[in-house]
Amino acid sequence: MGLPATGSFTIDPYDVSTLPAPVIPLVEVFNPATNAGSEVNVVQVKVTRPTTQQAIRNAQVTVNITPELGNPRVPQVVYTDAEGIAAVRFKSQVDAGISVATTAGAWYSAVTKSSSVRIRPTIKAHLSVAVIRRGTSARLTGSTSTLLAGERVYRQTYSGGRWVTRAYRIVSATGTYSFKVTVPTAGRRVYRVVLPSTSHHLRVVSRTRTLIIR
């Protein structure tokens with residue numbers, strides 16, 4: 001057997017300019033179909049190729065939901081499924097900003113998208129009693145989020161085929177309010193409480209409450 005052959009050769013430097021540019025994926029953010037503070041809201045993110053609309057599977061997506069009031073949330077990391085969709089669930093009593101960031105993959109670049117969602121807060125109302133004698137009093141009490149402390153809520157009575165505002169209260173630091181209701185005549189009264197829309201949330205109305213006066 002002879003000696004093993006040896007030799008040398010030169011590899012030309014790789015021309016990075018020949019590499020195809022990373023694809024910028026199409027990232028779509030779908031806001032919740034429902035936007036009630038009492039419900040679990042769902043944000044969906046869809047990641048696809050921009051030209052073919054082909055789903056990008058297993059893309060890493062970081063979703064940051066930031067309520068306009070209160071403490072920020074911890075970002076959530078999710079991955080797209082076979083249809084290119086990832087979902088994040090959250091609850092909020094006030095409007096929230098939504099920031100979505102995809103992590104760059106082997107052949108596609110990172111993308112950041114933002115959106116927002118308006119929320120209807122939760123508001124509750126209860127009567128202290130269902131039946132009173134005329135000239136005596138009942139209390140219409142309730143609660144909402146402590147984030148809304150300092151806002152006004154309005155007591156309305158259904159009269160003459162429409163809702164009429166009778167009084168207002170300031171939401172306390174504990175998120176509660178209380179109205180005193182006195183009716184001088186016998187009959188039936190229907191009440192509700194309204195929290196008007198602000199820059200931080202949508203308008204919301206409590207369930208109606210009926211008081212019988214004898």
* For region 53-68 versus region 85-133, the gap between their alpha-carbon centres in whole angstrom -> 15
* Structure fact -> Fewest-first ordering of Glu28, Glu83 by Cβ atoms within 10 Å yields Glu83, Glu28
* To do: Evaluate the charge dipole of the chain about its Cα centre and quote only its size in Debye, nearest 20, assuming +1 on the Cβ of each Lys and Arg and -1 on the Cβ of each Asp and Glu.
  => 2660
* Does anything in region 35-50 have its amide N under 17 Å from the 7 Å Cα→Cβ label point of Ile24, and if so which residues? -> 47-50
* Structure fact -> Of the candidates Val164, Pro75, Ser116, the farthest towards the positive dipole end of the chain (Lys/Arg Cβ +1, Asp/Glu Cβ -1, centred on the Cα centre) is Val164
* Structure fact -> Given (i) 1, 6, 12, 12, 10, 9, 8, 7, 6, 6, 5, 4, 3, 2, 2, 1, 1, 1, 1, 1, 1, 0, 0, 0, 0; (ii) 1, 7, 13, 16, 16, 16, 14, 10, 5, 3, 1, 0; (iii) 1, 6, 12, 14, 14, 13, 11, 8, 6, 4, 3, 2, 2, 1, 0, 0, 0, 0, 0, 0 as possible values of P(r) over Cα pairs in 5 Å bins from 0, in percent, the one from the coordinates is (i)
* Subtract the Cα-Cα distance of Arg207 and Val164 from 0.36 nm times their separation in residues, and report this length gain in nm to one decimal. => 13.9 nm
* the chain: most fluctuating residue of Thr157, Thr146, Thr185 per GNM, C-alpha cutoff 10 Å -> Thr185
* Structure fact -> Percent of all Cα-Cα pairs per 10 Å bin for region 124-213, counting from 0 up to the last occupied bin, reads 17, 50, 26, 7, 0
* Asked: Fewest to most neighbouring Cβ within 10 Å: what's the order for Asp81, Asp95?
  -> Asp81, Asp95
* To do: For region 176-185, just list the computed ³J(HN,Hα) in residue order, Karplus coefficients 6.51, -1.76 and 1.60, θ = phi - 60°, integers in Hz, with x standing in for Gly and Pro.
  => 10, 8, 8, 10, 9, 10, 10, 10, x, 10
* Structure fact -> Of all trypsin sites (Lys or Arg not before Pro) in region 93-199, the ones in DSSP coil with at most 11 other Cβ atoms within 10 Å are Arg133
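A short reminder: the numbers here are calculations on the coordinates, not readings from a lab. In this text the structure is predicted, and so the values were computed from the model without any measurement. As a convention, Cβ positions derive from the backbone with ideal geometry for all residues, glycine included, and neighbour counts pool all protein chains shown.
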